[in-house]
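The values are calculated or read from the model by the stated rules, or taken from the named source; none is laboratory data. Keep in mind that this is a model prediction, so the values were computed, not measured. Cβ atoms come from the backbone with ideal geometry, glycine included; neighbour counts cover every protein chain shown. Side chains are part of the model used for accessible areas, which takes the heavy atoms of the whole protein and leaves out ligands, DNA and RNA. Shrake-Rupley method; radii C 1.70, N 1.55, O 1.52, S 1.80 Å.
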Amino acid sequence: MKALALHPPGAEAAPEEPSAIRIMAGTIAIGSFAAGLYITNALLAVARYHIPHPAIEIVTRLFAMFWLWAPLAPIAWWAAQRWPLAAGRLAPRLAIHLAIGLALWLAHALLFWGALNLREALDIAPVTLGVRWPPAKISQLVVLVDTDLAIYGMIVAASITWRNHARAVASRTWRDRVDSRRSTALLEALRRQLRPHFVLNALNMALSELATRPRRAKAVLGDLAELLESTERLEGHLVSLDAELDIVRAHAAIEQARFSDRLELQWDIAVPRDSVKVPPFSIQTLFENAVRHGLEQSPGRFTIAIEADSTPQGVRIRVRDSGGRIEPGETRGSGIALDNLRTRLALLFGEGASVTLFVQGSWTVAQLIVPAARP
């Protein structure tokens, strides 16, 4: 069997970074939203206090201020990935980001100054608020520093959040892939365990009956063929209840022939067989457990009841047998097949599914609960 190459999340390739174009497009989109808020507030103030300030100047200035961060945002994003804010290096990393933030503020101030002068040259609106180069006063240069540093900090925070989210998704995808492959391996192991067990029992029984009761031998071989065909049709991690019960019926027919009809079956399925989903071989495992630890240990007639109904916890499936006891130290509930089933349930449903064995009156009950299928 070919080994599966699985690597922990840390060994996998780092999450793919968004392209510079996507970062710039996101910056423009978010900047447009922020500019819209600022513009609305500024126009309301102008109207309320009757300030003689042209609306076109406010609109173009604020859109230019935010949009001009688009070519600078990929640099801030890269800096956040190059110097992440780790707990052990927080102070030096903060100093690096402060220096980069100030450099980007200076670059943005130059771009902003150029855009406003271009706006004046195109006779759209005059340069206002003292944004000129070189500045007449140092206060005119620092007019954007608080806003630009805040924007830089938001880009760094967005970059760190995106990276952490991407790593979490990659880790969750890796765990899901491992769980899926593990569940598939367990199912294949159970399928391999099932085939030789039933094939040998059924063939031995058919051979022993061939000379004296050929019809019975033929029926056993027919049930065996149906059982093997049903197991081949089971694909995926969940199958319909009806498909699972087909396996149990074929299995039960072989066991009834094997034990000279002293096995009595009772069926009470009170849920839709097509909509209820169960793991493959789940009910068959419980049925085989009842045969191996109950029927094979009982000399007289033996009854196995297979029931399914709905409960607030989900779909409850019971395989009851008239064994009626579980001796101290008995390994009836800890065999390989049952452990396999418990592991598959945990992988598929977490804590939403369970398998329990208990005695109820004169019955030994194996109970399987799986979540109800969502409409």
Stretched out fully, how many nm does the piece from R262 to H53 gain, at 0.36 nm a residue minus the Cα gap? 65.3 nm
With every protein chain in place, region 263-306: carbon and sulfur % of accessible area (1.4 Å): 44 percent
In what sequence, highest mean first, do 237-248, 99-110 appear when ranked by Cβ atoms within 10 angstrom? 237-248, 99-110
Rank R163, R249 by accessible area, highest first, at a 1.4 Å probe radius? R249, R163
List S282, S275, ordered by accessible area with a 1.4 Å probe, largest first: S275, S282
Cα gyration tensor category, rounded, prolate or oblate, for region 250-293 with a/c compared to 1.5: prolate
Packing-based ranking, highest mean first, of 60-66, 262-268, 300-306 given that Cβ atoms within 10 Å are counted: 60-66, 300-306, 262-268
Between region 67-109 and region 258-329, what is the C-alpha centre distance in whole Å? 65 Å
Hey, with R₀ at 35 Å, roughly what FRET efficiency would Q313 and I160 work out to, going by the Cβ-Cβ distance, to 0.05? 0.30
May I ask you to rank Y152, Y49 by accessible area, largest first, using a 1.4 Å probe over the protein chains only? Y49, Y152
Output the peptides 71-84, 356-369 sorted from most to least packed, where packing is the average of other Cβ atoms within 10 Å over each peptide's residues. 71-84, 356-369
